[in-house]
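**Q** Here it is, the structure, as structure tokens.
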Amino acid sequence: MAGPCAVESESQLLQTADAVVAAGARVLRGGAFKPRSSPYSFQGLGVEGLKLLAKARERTGLAIVTEVMGPEDVGLVAEYADIMQVGTRSMENYSLLEALGKCGRPVLLKRGMSSRLEELLRSAQLIAANGNSQIILCERGIRTFETATRNTLDIAAVPVLKTVSHLPVIVDPSHAAGVRSIVPALARAAAAVGADGLLIEVHPAPEKALSDGEQSLTFGQFREMMADLRRYVPLSRGYEDAHARAFVAGGAD
Ligand code: PEP
Ligand code: MN
């Protein structure tokens, strides 16, 4: 899954969609409703952004993932999105999670930046208990004492979640890294440890991005990262096979 942090304009989004589909992405990301830590930052294009995402889907065949911030927007976002994203700041928005349980679309549930994995799983259970079992869990980095990266990528979350849950687990290295130079290294780690997917920020001109430019890859960097990742994906099979064997033998539960 790849695309800009925020949908900014038609040309920005369509150019990015063309570039990421050519490099092997299956899903286009892009925020239309943005949870910003400052009221003075770009807040997103709203419905206009959703329409541009639908246009990009029509043009490229990519599925769309986009964030929904409140229960009142669930119906609207579900009209456009193929996957409904719950942001890190919303993991404990229980009325949103309940509404997503009834929305009829898969949900990409991000781990709260200060949440334990058991809390992430409880939020997933709330969506499931409301009727929706199509849930993708996402590790996007957590707050720790370390400040060298924007967040600390908890790579152990992947095998832990896959041990206790049948849900797919993906990794967002962009929001963990905070800087684009280390995104590919974190993506490699995620692929090797058995993540089912990646969520990557890509922008045609990261230095001009209205949000998260420092961590957004250029088209060339995304293409290179995708080509390089092919070497790491088979590494995860060792883990998956060993885990499955241990499970069958009763060695893991
Ligand atoms: C995003 O995906 O752009 C985003 C806001 O992510 P998070 O909720 O993980 O901060
Ligand atoms: Mn972002």
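The values are calculated or read from the model by the stated rules, or taken from the named source; none is laboratory data. On a predicted model such as this, the values are computed, not experimentally measured, just so you know. Because the Cβ atoms are built from the backbone with ideal geometry, glycine has one as well, and the counts that use them run over all protein chains shown. With ligands, DNA and RNA removed, areas are computed over all heavy atoms of the protein, side chains included. Shrake-Rupley method; radii C 1.70, N 1.55, O 1.52, S 1.80 Å.
Listed here are the residues, each with its yes/no results for (1) over 30 Å from Phe42 (Cβ atoms); (2) in contact with a helix residue (DSSP H, G or I) (Cβ under 9 Å, 6 or more places away or on another chain); (3) of a type outside the set (A, V, I, L, M, F, W, C); (4) within 16 Å of ligand 1 (Cβ to nearest atom).
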position	(1), (2), (3), (4)
Ala190	no, yes, no, yes
Ala195	no, yes, no, yes
Gly213	no, yes, yes, yes
Leu217	no, yes, no, yes
Arg223	no, yes, yes, no
Met226	no, yes, no, no
Arg231	yes, yes, yes, no
Leu235	yes, yes, no, no
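**Q** State which residue pairs qualify: first residue in contact (Cβ under 8 Å) with a residue 24 or more places away in the chain and inside region 164-189, second residue among the aromatic types (Phe, Trp, Tyr) and more than 15 Å from ligand 1 (Cβ to nearest atom) in any location, beta carbons under 7 Å apart, and separation of 6 or more residues or different chains.
**A** Arg188/Tyr232
**Q** Sort out which residues of region 168-192 are farther than 20 Å from Leu235 by Cα, open to solvent by less than 50 Å² (accessible area, probe 1.4 Å) and touching a strand residue (DSSP E or B) at 6+ places or on another chain (Cβ under 6 Å), and write them in order of number.
**A** Within region 168-192, just Ser174 meets the criteria.
**Q** Still on this model: Need the failing condition index for Gly104 against (1) away from ligand 1 (no atom under 12 Å from the Cβ); (2) within 25 Å of Arg188 (Cβ to Cβ); (3) part of a loop (DSSP other than H, G, I, E, B), just the number.
**A** Unmet for Gly104, out of (1) away from ligand 1 (no atom under 12 Å from the Cβ); (2) within 25 Å of Arg188 (Cβ to Cβ); (3) part of a loop (DSSP other than H, G, I, E, B): (2).
Yes/no matrix, rows are residues, columns are (1) in a loop (DSSP other than H, G, I, E, B); (2) in contact with an Asp or Glu (Cβ under 9 Å, 6 or more places away or on another chain):
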residue	(1), (2)
Lys34	yes, yes
Ile64	no, yes
Glu72	no, no
Ala99	no, yes
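**Q** Could you please find all residues in region 44-59 being open to solvent by less than 90 Å² (accessible area, probe 1.4 Å) and touching a residue at least 24 places away in the same chain (Cβ under 8 Å)?
**A** Applying the first criterion (open to solvent by less than 90 Å² (accessible area, probe 1.4 Å)) to region 44-59 yields 44-47, 49-50, 52-54, 56-57.
Across region 44-59, the qualifying residues are Gly44, Leu45, Val47, Gly49, Leu50, Leu52, Leu53, Ala54, Ala56, Arg57.
**Q** For region 1-18, what are the residues that are crowded, with 22+ Cβ neighbours inside 10 Å and part of a helix (DSSP H, G or I)? Outline the logic, then answer.
**A** Taking region 1-18 and keeping what is crowded, with 22+ Cβ neighbours inside 10 Å, we get 1-8, 13, 16-17.
Across region 1-18, the qualifying residues are Leu13, Thr16, Ala17.
**Q** Then there is this: Can you find a residue that is away from ligand 2 (no atom under 16 Å from the Cβ), touching a strand residue (DSSP E or B) at 6+ places or on another chain (Cβ under 7 Å), open to solvent by 10 Å² or more (accessible area, probe 1.4 Å) and within 28 Å of Gly213 (Cα to Cα) anywhere in region 89-104?
**A** no
**Q** Which residue pairs have Cβ atoms closer than 9 Å, lie 6 or more positions apart in sequence or on different chains, and pair a first residue in region 7-35 that is closer than 13 Å to Phe219 by Cα with a second residue that is part of a loop (DSSP other than H, G, I, E, B) and modelled with pLDDT under 95?
**A** Gly24/Arg230
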